[in-house]
Every structure is written in C-alpha cells, then in structure tokens.
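Worksheet: the structure to be examined is printed underneath.
The values are calculated or read from the model by the stated rules, or taken from the named source; none is laboratory data. From a predicted model like this one, the values you see are computed outputs, not experimental measurements. So basically every Cβ, Gly included, is an ideal-geometry build from the backbone, and we count neighbours across all protein chains shown.
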Amino acid sequence: MREVNIVLGAIIGDIVGSIYEFDNIKTKSFELFSSNSRFTDDTVLTIATIDALLNEIPFVLAYKKWFNKYPNAGYGGSFMEWAKSDSSEPYNSWGNGSAMRVSPVGLYFQTLEEVLAKAKQSAAITHNHPEGIKGAQAAASSVFLAKTGKTKSEIKEFIKDNFKYNLDESISSIRTWYKFDVSCQGSVPQAIIAFLESSDFEDAISNAVSIGGDSDTIACITGSIAEAYYKDIPEQIKTVALSRLDSEMRTLIERFYKFID
C-alpha cells in the first residue's frame, strides 16, 4: 500500500484514545497501542465524511450509511437514535461529534471560506446548535491552516479571534481539573491546545490523552491538526493504525489521499 499521510492523524488519535475514554490517565507516560485499541465512531464518521466528499453523497446519507455498516462503534445516544430513524432533521446538538468527524473537510478544500461553509454544512445535519457548528468550524479551520503552512501562533490567534475559545491555559494546568465533557465548547479548545503545546505528532496525541475526559474524541481532533501541521507520522504508528482498520476503510483513505495529493 502506498504511504498514506492524510486523515490518519484523526484515526490514530481515535484508536489510541479508545481504551482511555472511560479509564482516564493523567500522564503522558503510556503505551500508544494495546491489544484492545480499536477504532470507534470517531473513525467511522471521519470515513463517512470522506465518502461524502469523494463520492458527492449528502452528509445525511453518508453518516447513516456508515452507521449501518458499523452500528456498534460507540455512538452517542442522540446520534444513534437519529441514525436509526427515517428522519433527516437535526437534533440541535452541541456535542463534539461535529468536530471529531470534520477533519477531511479541512484537507479537501482549497480556501478557508469553503472549509468554513462545508464544515457548517457537515455539522448542521445533526449538530445545528451554534456551539456544534462552531466546534466543527474551529476544528476544520485549524486543520486547513496547519495544512497550508500557518504557524502555531497564527492558528491560535485565528481560533481565538473567530471562535472566542480560550487557548491560553497549559496542558499541565488543564490536566489538574479536566473531566469528561462531550460538548464542543468543553473539548475542542482543549484538543487544540494539546496540538499547540506539542513538539511532534506523537507528543500531540500524548498531550490529548493525558488530560482525561473524552479521550478518543479529543485525541482524534488533536491528531487531525497535528498530522496536517507536522506532515510526518512515524511509520510504525501508521502501520499499527492501518492494521486496525477494515479493508473498505483503507481503500477509501487511499482514494482520498490520491485525490488531494
């Protein structure tokens, strides 16, 4: 398989964080993978976003399609109820599900305006609460800015100016008080800080998991930004992550990589 460096950052974060979501660790000293590390709904819906973009499928259909392929991946209750239903109406969620699935949007489009518009569209089919849309736009624009060579300072100032997130607290400080929070407003800023304070891709993932909380989703968001910024993931980490995915997922990732390369 050709070397793949795109969207794996989000998926690696999800897989690494999967075993720590309900068993938080408040340290950066841990093994990235164990025999129980697996992809969750974060990966499934990231892949669904790729499918929607590549094959010009409405987000509603893509998310329901991939939910039905992997119905036991660990979705939130509201999303699961929506995905099982015949309804296409959003449910006003402010949850971080809109942000964890959006990273392909930041990679796919060539202008920030397109990224912000499509991120809003991808969020609003379920997460049409202003905070749900804001979280998706903040995550996608961070990926886009990282991809296009902006500095960490530039990314930080853009997010602070446009989304009013507080990005000034350190990871070590967050680690002392942070607890499980599935809201965009209570997890997307922390995920961005985990990237901003990192020295490389692996360090970013370690930062994200070490604060606790919704570990797989926070690390998924952090990983997507870190991969776009550092553009280098250790080969061993990529190999392990790809081995945890199904062949259909790997094929779609490969197609996406070739399209945007």
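Remarks
- Looking across Ile159, Ile211, Ile253, one residue alone is farther than 23 Å from Gly74 by Cα, aliphatic (A, V, I, L, M) and either modelled with pLDDT of 95 or more or surrounded by 15 or more Cβ atoms within 10 Å (Cβ to Cβ) (or both). It is Ile159.
- Residue that is farthest from Ala191 (Cα to Cα) [pool: residues in region 116-135 that are in contact with a Gly (Cβ under 9 Å, 6 or more places away or on another chain) and buried (at least 24 other Cβ atoms within 10 Å of the Cβ)]: Thr126
- Only listed residue being basic (Lys, Arg), surrounded by fewer than 20 Cβ atoms within 10 Å (Cβ to Cβ), closer than 18 Å to Ile221 by Cα and out of contact with any strand residue (DSSP E or B) (no Cβ under 9 Å at 6 or more places or on another chain), chosen from Lys28, Lys69: Lys28
- Test for Glu89: is it over 15 Å from Ala48 (Cβ atoms), part of a helix (DSSP H, G or I) and either in contact with a helix residue (DSSP H, G or I) (Cβ under 8 Å, 6 or more places away or on another chain) or not polar (S, T, N, Q) (or both): no
- Subset of region 42-59 that is under 18 Å from the mean Cα position of the chain (by Cα) and β-branched (Val, Ile, Thr) - its residue that is farthest from Val182 (Cα to Cα): Ile50
- Of the residues making up region 145-152, none is touching a Leu at 6+ places or on another chain (Cβ under 8 Å), surrounded by fewer than 23 Cβ atoms within 10 Å (Cβ to Cβ), free of Cβ contacts under 8 Å to residues at least 24 places away in the same chain and not β-branched (Val, Ile, Thr).
- Any hit, region 15-22, residues being surrounded by fewer than 24 Cβ atoms within 10 Å (Cβ to Cβ) and modelled with pLDDT under 95: yes
- Output for region 167-208, where each listed residue is surrounded by fewer than 22 Cβ atoms within 10 Å (Cβ to Cβ) and closer than 18 Å to Lys134 by Cα: Leu167, Asp181, Val182, Ser183, Gln185, Gly186
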